[in-house]
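Notes follow the structure.
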């Protein structure tokens, strides 16, 4: 290979820039050209492709988000869109592609692979919901962002002796909520993977105050709305999972409850050292794997060792949470 492409796709995650930087500099070190594709699959279809130099990736490792930008593309999900994307890759002489993103991004990479384009994926998702890897780029930073925010919320919760329900991101995966909740010592953690009884949650709140606690912190994954709550008349963007939980706690305990939806603040910020190092390792390895002739794989990390995992293994499975962490959080909370 003489020329490869790199792109970021789907939801942004801290560390994406570090991964692009690693891909670029590894390829340049191997005397290859690198083409940066802007705005994910949408930009690929439109031919938003420019060459990346060493200077282009300088000063990027500490920046959150992605300087290549990212966008979702409904057109790419069609056969026509995929054909146009492959045509653009051929037009720019791109012989292989590194795709940095989550499950949707890897599904797109798999379709390009089927169309004859060698691709290697790099997992980047604050949800850390991809099988085949212990960590995805952005997860560690997002956990630290949640912990920092909740630590501050605890100060005011204690001052006013209130219950605070904090909603985190996570779609159908509660790992971000679980690890953050364990780290901040939350009294209760509600995630999609484990059923809960709201009466039990209310009892935890009551017992907490009766035992002398001056506050209660409940962490809620946004994904529980679809799996564990049944208030169809109130399911809209302004009445999320946290508000439903808060209302039920207030109604059943009589305590004052405040709701915090952390939202997209969890995606931003400078990547942590762990995310920078992980992104650098994965990005550089992706180039090595691609030029070795192997493709159709994602670079994962298992027990601190880099591995290559076939797309089908990743995309046909679900990542399971460690239930022992949940039980530990219940004991310690």
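Assorted remarks:
- Residue that is surrounded by the most Cβ atoms within 10 Å (Cβ to Cβ), among those in region 5-47 that are more than 23 Å from residue 271 (Cβ to Cβ) and touching a residue at least 60 places away in the same chain (Cβ under 8 Å): 41
- Within region 295-306, the presence of a residue that is assigned to a helix (DSSP H, G or I) and surrounded by 13 or more Cβ atoms within 10 Å (Cβ to Cβ) is excluded.
- Of the residues making up region 287-310, those that are within 17 Å of residue 61 (Cβ to Cβ) and under 19 Å from the mean Cα position of the chain (by Cα) number 0.
- Annotation note: Cβ proximity below 7 Å between a residue of region 224-249 that is in the same structural domain as residue 188 (by TED's automatic domain parsing) and a residue that is part of a helix (DSSP H, G or I) and modelled with pLDDT under 85 (sequence gap 6+ or interchain) occurs for 235/225; 240/225; 241/225; 244/234.
- Some residue of region 136-157 being part of a loop (DSSP other than H, G, I, E, B) and surrounded by fewer than 21 Cβ atoms within 10 Å (Cβ to Cβ): no
- Qualifying residue in region 165-177 (condition: touching a strand residue (DSSP E or B) at 6+ places or on another chain (Cβ under 9 Å) and at positive phi): yes
- Checked against (1) farther than 30 Å from residue 164 by Cβ; (2) part of a helix (DSSP H, G or I), residue 324 passes all but a single condition, namely (1).
- Residues in region 123-135 that are within 15 Å of residue 12 (Cα to Cα) and surrounded by fewer than 23 Cβ atoms within 10 Å (Cβ to Cβ): 129 alone.
- Looking across 65, 59, 36, one residue alone is outside any loop (DSSP other than H, G, I, E, B) and assigned by TED's automatic domain parsing to the domain that holds residue 285. It is 36.
- Residue check for residue 260: outside the structural domain of residue 94 (by TED's automatic domain parsing), assigned to a strand (DSSP E or B), at pLDDT 95 or above and crowded, with 16+ Cβ neighbours inside 10 Å: yes
The values are calculated or read from the model by the stated rules, or taken from the named source; none is laboratory data. Predicted model, so just to flag it, every value in this text is computed and none were measured. Please note: Cβ atoms are built from the backbone with ideal geometry, for glycine as well, and neighbour counts cover all protein chains shown.
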